[in-house]
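Novice: Could you have a look at this structure, given as structure tokens, before my questions?
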Amino acid sequence: MITEEIKDKRVAVLLSGGVDSSVVLYELANRGLSPDCFYINIGPEEEEQWDCTAEEDLEMATAVAQKYGCRLEVVDCHREYWDQVTRYTMEKVKAGLTPNPDVMCNRLIKFGAFHEKRGHAYDLIATGHYAQTEWSEGKKWLTTSPDPVKDQTDFLAQIEPWQLAKALFPIGHYQKGEVRMVAEREHLVNARRRDSQGICFLGKVNYNDYIRRYLGENPGDVIEWETGRRIGGHRGLWFHTIGQRKGLGFGGGPWFVVKKDVEQNILYVSNGYDPETAYKQHFPIRAFHFLTPTELPENITFKIRHTPDFTSAKLEKLPDNTFMVHSEKPIHGVAPGQFCVVYDQDHHRCFGSGEISI
């Protein structure tokens, strides 16, 4: 399938320095291609302060490109990342929402800013995402990986249809273990390198430290939802998300975050090991973003965070072109600002995603 898709096409490979994108290059080189490779620089200027891994990433990417005789170019998208993705993140958390910077990085940077700078010269842009595509009746669809743990269609569910048209996922048919085996067999320099964790550019930086740098602190009260009793204080609503349990620091717990009142700067919590207030079964989503133009079916599966699990639901279209998700079971930690990613009943095709707006 990949061989047919790349035939007579100009292909760019986004090399991150990790094992996944390196095996992407192997897959293409093994099919006789010598694609141009690009390393996207999105890291902060103060690398030593943020303990960024960009220097090691670039060394790894350079070594892999040289192994296959491919040209590697560094594309600086630093300013675009911090102007677009960071602004998106800070505006959302300041409004009391739960954003996903990695989702917007794919849309705005990897398939956005890169395309504007260099990608427009290529027919296809190959990345190391665990996802697949298929064609049906002249339409290209984003489909899930056979590895449910590594599947990354949820991170791709906000890219534009024209970006999906140019997307190529050469390792999407693999399990993660198989990718490691290929890397070992081909003696890739990063075959045993650990996968990156967390937000794509922060390296080892704590997410709360990242937020504190831009928004500071804004102390307020923590109130028990059921009783209205003040049990303590918080340093800023943006350090907490709905469903959070760890890191609250109150005795007599466990405590779960169940609501944020941005106007009054109040964090509401519930006590107990599994309080009902930590769950929702029905919730609205707005501004649904379609990967492929279509009509959404009534019976769907969905996920609201990066997890191997899909949940069945019925989707109700409302008069204002928003949707109500009626989950077959209550879902823990449903938070406004999260993306609800929608799939078909077999969780094969990904239709796109909308923002939870409760």
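The values are calculated or read from the model by the stated rules, or taken from the named source; none is laboratory data. Nothing here was measured: the structure is a model prediction, and the numbers come from that model. Here Cβ is always computed from backbone atoms with ideal geometry, including for glycine, and neighbour counts include all displayed protein chains. For the accessible areas, the whole protein counts, side chains as well, though only heavy atoms, and no ligand, DNA or RNA atoms are used. Shrake-Rupley method; radii C 1.70, N 1.55, O 1.52, S 1.80 Å.
Novice: Take the residues in segment 152-163 that are assigned to a helix (DSSP H, G or I) and touching a residue at least 12 places away in the same chain (Cβ under 8 Å), then tell me which one is surrounded by the fewest Cβ atoms within 10 Å (Cβ to Cβ).
Specialist: Pro161
Novice: If you don't mind, there's one more thing I want to ask. List the strands (runs of 3 or more DSSP E) that sit entirely inside segment 3-114 and contain at least 2 residues that are of a type in the set (Phe, Trp, Tyr), modelled with pLDDT of 90 or more and open to solvent by less than 50 Å² (accessible area, probe 1.4 Å).
Specialist: 36-41
Novice: Does segment 249-260 hold any residues that are in contact (Cβ under 8 Å) with a residue 24 or more places away in the chain and of a type outside the set (Lys, Arg), and which are they?
Specialist: Phe250, Trp255, Val258
Novice: Residues being in a helix (DSSP H, G or I) and either of a type in the set (D, E, K, R) or open to solvent by less than 20 Å² (accessible area, probe 1.4 Å) (or both): count how many of those fall in segment 119-132.
Specialist: Going through segment 119-132 one residue at a time, the tally reaches 1.
Novice: Look at Thr144 and say whether it is open to solvent by 10 Å² or more (accessible area, probe 1.4 Å), hydroxyl-bearing (Ser, Thr, Tyr), farther than 29 Å from Glu55 by Cβ and at pLDDT 90 or above.
Specialist: Considered against the rule, which asks whether it is open to solvent by 10 Å² or more (accessible area, probe 1.4 Å), hydroxyl-bearing (Ser, Thr, Tyr), farther than 29 Å from Glu55 by Cβ and at pLDDT 90 or above, Thr144 comes out as yes.
Novice: Looking at segment 204-262 only, could you name the residues that are open to solvent by 60 Å² or more (accessible area, probe 1.4 Å), closer than 19 Å to Thr89 by Cβ and polar (S, T, N, Q)?
Specialist: Asn206, Asn218
Novice: OK, next. Would a scan of segment 281-302 turn up a residue that is more than 20 Å from Asp346 (Cα to Cα), among the charged types (D, E, K, R) and either in contact (Cβ under 8 Å) with a residue 24 or more places away in the chain or surrounded by fewer than 17 Cβ atoms within 10 Å (Cβ to Cβ) (or both)?
Specialist: yes
Novice: While we're on this one: Can you tell me which condition Ile6 does not meet? The list is (1) of a type in the set (A, V, I, L, M); (2) more than 30 Å from Val262 (Cα to Cα); (3) in contact with a Phe, Trp or Tyr (Cβ under 9 Å, 6 or more places away or on another chain), and all the others hold.
Specialist: Every condition holds for Ile6 apart from (3).
Novice: On to the next question. What residue, among those in segment 283-324 that are in contact with a His (Cβ under 7 Å, 6 or more places away or on another chain) and of a type outside the set (Phe, Trp, Tyr), is nearest to Gly96 (Cα to Cα)?
Specialist: Ranking the qualifying residues of segment 283-324, first place goes to Met324.
Novice: While we're on this one: In segment 333-348, which residues are more than 18 Å from Leu97 (Cβ to Cβ) and either among the aliphatic types (A, V, I, L, M) or surrounded by fewer than 20 Cβ atoms within 10 Å (Cβ to Cβ) (or both)?
Specialist: Passing the criteria: Val342, Asp344, Gln345, Asp346, His348.
Novice: Among the residues of segment 307-326, are any closer than 26 Å to Lys92 by Cα, crowded, with 16+ Cβ neighbours inside 10 Å, modelled with pLDDT under 95 and among the hydroxyl-bearing types (Ser, Thr, Tyr)?
Specialist: yes
Novice: Every residue in segment 263-273 that is over 29 Å from the mean Cα position of the chain (by Cα) and surrounded by 15 or more Cβ atoms within 10 Å (Cβ to Cβ), please.
Specialist: Asn271 - this is the single residue of segment 263-273 that is over 29 Å from the mean Cα position of the chain (by Cα) and surrounded by 15 or more Cβ atoms within 10 Å (Cβ to Cβ).
Novice: Among the residues in segment 140-152, are any within 24 Å of Asp76 (Cα to Cα) and polar (S, T, N, Q)?
Specialist: Within segment 140-152 (the criterion being within 24 Å of Asp76 (Cα to Cα) and polar (S, T, N, Q)), the answer is no, since none of the residues qualifies.
Novice: If you go through segment 110-124 one residue at a time, do you hit one that is over 20 Å from Asp36 (Cβ atoms) and under 20 Å from the mean Cα position of the chain (by Cα)?
Specialist: no
Novice: List the number of the failed condition for Trp135; all other conditions in (1) part of a strand (DSSP E or B); (2) under 19 Å from the mean Cα position of the chain (by Cα); (3) free of Cβ contacts under 8 Å to residues at least 40 places away in the same chain hold.
Specialist: Looking at each condition in turn, Trp135 falls short on (2).
Novice: Could you list, in sequence order, the residues of segment 336-358 that are within 16 Å of the chain's Cα centre (by Cα) and small (Gly, Ala, Ser)?
Specialist: Hits for segment 336-358 are Gly337, Gly352, Ser353, Gly354.
Novice: Which residue is farthest from Gln66 (Cα to Cα), if the candidates are limited to segment 164-189 and must be of a type in the set (Gly, Ala, Ser) and surrounded by fewer than 16 Cβ atoms within 10 Å (Cβ to Cβ)?
Specialist: Here the residue is Ala165.
Novice: Could you list, in sequence order, all residues of segment 18-43 that are acidic (Asp, Glu) and farther than 16 Å from Gly119 by Cβ?
Specialist: Hits for segment 18-43 are Asp20, Glu27.
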